Amino acid sequence: MVSGRVSYLEWMLQVLKESVELGGFPEEVYHILSKPERVLMVSIPVKMDNGKLVVFEGYRVQHNSALGPYKGGIRFSPEVDLETDIALALGMTLKNALNGLPYGGGKGAVKVDPLKLSPGELERLSRGYARAIAPLIGDVIDIPAPDVGTNPQIMAWMVDEYSRIKGYNVPAVFTAKPPELWGNPARIYATGFGVAIAAKIAAEKYLGGFEGLRVCVQGYGNVGRWAAYYSKYFGAKVIGVADITGSVYDPEGVDLDLARKVVDEHGGVGIIYYPKGQKTEDPSAVLYFDCDILIPAAVENVIREDNVNKVRAKLIVEGANGPTTAGAEKILSDKGVVIVPDIAANAGGVIMSYLEWVENLQWYWWDEEETRRRLQSIIENNIKRLISRYETMKSEKKGVTMRQVAFVLAVERIYKAMKVRGWL
Ligand code: NAD
């Protein structure tokens, strides 16, 4: 417990425990999954541009390998600590299992604010981290990818560093690389594309269709802008968007191309400079606009007990990781609001990483259209399977959330693998 509030790890463990009970799995399953298999702590000395040496702290958590190699991103953030990294790694074990991927879960982190580093310092830190974790990763052992604060360029430096250590090219050891270096062009929009597919399928089930429904999106970065784009592409009307600079409301539909142009002209953040609609400098305002579907795709903990009653959407599709707190979820669930949880809704990124990994392992590639077709088919099947199981479990036990059901489905796969391996 952190100052009276439940930490992210505590909350994850709470839902895991409930799901192990709900799914009728042996208690030992909780005991195994509540702890990571292995934790690596690393110190990374980096020569800064001013000649001084700074030693950064980093981690790589290998949470569970019952279903395959560890898989999960690397976060560069001043806020990360080992406990958060363990919670994120557990989340990856569950996300990979839920989405049918042949992966276990892992997560890496470096305690740093990447925005305060020069490009040269960032490259030296990225290469230093890759060297530090190199003994424990590999293209069939542990396959990292980007997360908050890291990007395809950083993956390119890391795959280059790892390949130099090995003495030959190892493309499949990191995913979400630039298209120029064994990456796939569909990666850039994969997560937002998946969020929009999840929104469409859930809306067809719970709101009677998707065409013309009013959608609001918080966050106009990697996930948010593509979730908005594909929501419109699939027929909905995006009436609210927001980034850290503020919220924009336009009941006639936001001009998404213009919004993207304006944001890019301001270095990636700047929705407040969008020249039309009604604007406010409050980035949370978008959560309270009158709409049918809300897609929080910015940061965690934005829908909390203290503001949840202002949320008017009937369906929430979690683009970000952990945007809804446990208390807020309970209140929304009691009101009948459906939440498609993060581990299902934003899995497009890791599913795309899986496709890239398969390409790289075979030194083969699919073109963008073929990749998108495969991606769409996997996401659609997964979301439909989750909703169908949610409907069954809800009829058996009142008050069950889709998040709990997602955890049950994930644990079920891991449990079966652990059992047949003889771990239990
Ligand atoms: P990003 O940095 O590209 O974009 C974040 C966006 O959120 C920016 O527009 C930023 O201005 C906005 N923002 C930040 N703080 C805000 C606040 N308090 N209120 C409103 N807006 C705010 O990040 P991203 O890659 O789009 O990731 C967003 C979320 O999705 C994160 O939780 C991330 O873990 C999760 N996620 C991302 C991916 C991926 O493929 N990028 C995959 C799965 C999950």
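Just so it is clear, none of the values below were taken in a lab; they were calculated from the coordinates. Keep in mind it's a predicted model, so treat the numbers as computed, not measured. All Cβ positions, glycine included, derive from the backbone under ideal geometry; neighbour counts span all protein chains shown.
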Sequence-distant aspartates and glutamates (8 or more away, or on other chains) whose Cα lies within less than 17 Å of LYS237: GLU204, GLU211, ASP250, GLU252, ASP255, ASP257, ASP290, ASP292
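Any idea what % of Cα-Cα pairs in region 189-345 are farther than 20 Å? Mind dumping the intermediate values first?
Numbers: 4870 of 12246 pairs.
Result for the distance tail: 40 percent.
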Positive-end extreme of charge dipole, region 189-345 - chosen from VAL338, TYR274, GLY221 (charges on Cβ): VAL338
Net charge around TRP357, counting only other residues with Cβ within less than 9 Å of its Cβ (Lys, Arg = +1; Asp, Glu = -1)? -2
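Could you work out the mean projected area of the convex hull around the alpha carbons of region 17-61, in square nanometres to one decimal?
On the way: hull surface 17.8 nm².
That works out to 4.5 nm², a quarter of the Cα hull's surface.
Can you give the translational diffusion coefficient of region 303-424 in µm²/s, computed by Stokes-Einstein from the Kirkwood radius over Cα pairs at 4 °C and 1.567 mPa s? Please report the intermediate quantities before stating the final value.
Details: Rh = 16.5 Å.
Rounded to a whole number, D works out at 78 µm²/s.
Given N residues in region 65-112, what is Rg(Cα) / (2.2 N^0.38 Å)? The partial results should precede the final answer.
On the way: Rg = 11.0 Å, N = 48, 2.2 N^0.38 = 9.6 Å.
In units of the 2.2 N^0.38 Å rule of thumb, it is 1.15.
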Here the relative contact order (percent) of the chain, from C-alpha pairs under 8 Å and at least 6 apart, is 15 percent
What list of ³J(HN,Hα) values in whole Hz, one per residue of region 399-408 in order, does the Karplus curve 6.51 cos²θ - 1.76 cosθ + 1.60 (θ = phi - 60°) give from phi, with Gly and Pro shown as x? x, 5, 9, 5, 5, 4, 5, 4, 5, 4
5 Å is the cut-off here: which amide hydrogens, built 1.01 Å from N in the peptide plane, fall below it relative to CYS291, excluding neighbours closer than 5 in sequence? ARG312, ALA313
Please report the relative contact order for region 345-424, taking Cα pairs under 8 Å with a sequence separation of at least 6, and give it as a percent rounded to a whole number. 22 percent
Which distance in Å, rounded to a whole number, links the C-alpha centroids of region 32-55 and region 304-321? 35 Å
Give the cross-link partners of LYS52 among the aspartates and glutamates, using a straight C-alpha distance below 13 Å as the criterion and excluding same-chain residues fewer than 8 apart. GLU121
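Net charge within 15 Å of LYS116 by Cβ-Cβ distance, Lys/Arg positive one each and Asp/Glu negative one each, not counting LYS116 itself? Please list the in-between numbers first.
Values: positive: LYS52, LYS111, ARG124; negative: ASP49, GLU79, ASP113, GLU121, GLU123.
Surrounding charge for LYS116 is -2.
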Under a 5 Å amide H to amide H cut-off, with H placed in plane at 1.01 Å, what residues pair with VAL217 once short-range neighbours are removed? GLY240, VAL241, ALA242, ILE295
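Mind running the shape call on region 159-270? Use the C-alpha gyration tensor, a ≥ b ≥ c as the square roots of the eigenvalues: rounded below 1.5 for a/c, prolate if a/b tops b/c, oblate otherwise.
Taking the square roots of the gyration eigenvalues as a ≥ b ≥ c, region 159-270 is oblate.
Using unit Cβ charges (K, R positive; D, E negative) and no other charged atoms, how large, in debye to the nearest 20, is the dipole of the chain about its Cα centre?
Details: 50 positive and 51 negative charges, 147 e Å.
The calculated dipole for the chain is roughly 700 debye.
Write down Rg/Rh for the chain, rounded to two decimals, with Rg from the C-alpha atoms and Rh from the Kirkwood relation over Cα pairs.
0.95
Using only alpha carbon positions, build the gyration tensor of region 36-170, then give the equivalent ellipsoid semi-axes as the square roots of 5 times its eigenvalues, largest first, whole angstrom. If you can, show how the numbers build up before the last one.
Numbers: eigenvalues 122, 54, 29 Å².
Semi-axes (√(5λ), whole Å): 25, 16, 12.
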The answer for ASN301, listing residues at least 5 apart or on another chain whose modeled amide H is closer than 5 Å to its amide H, is THR324
Quick one: of LYS232/LYS314; LYS177/LYS314; LYS335/LYS419; LYS35/LYS330; LYS232/LYS310, which pairs are farther than 30 Å apart, Cα to Cα? LYS177/LYS314; LYS335/LYS419
Region 1-93: relative contact order in percent, alpha carbon pairs under 8 Å with at least 6 residues between: 27 percent
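Among DSSP beta bridges lying fully in the chain, give the percent that are antiparallel, nearest 5.
The antiparallel fraction comes to roughly 50 percent.
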At what distance in angstrom do the alpha carbon centres of region 93-162 and region 276-298 lie from each other? 32 Å
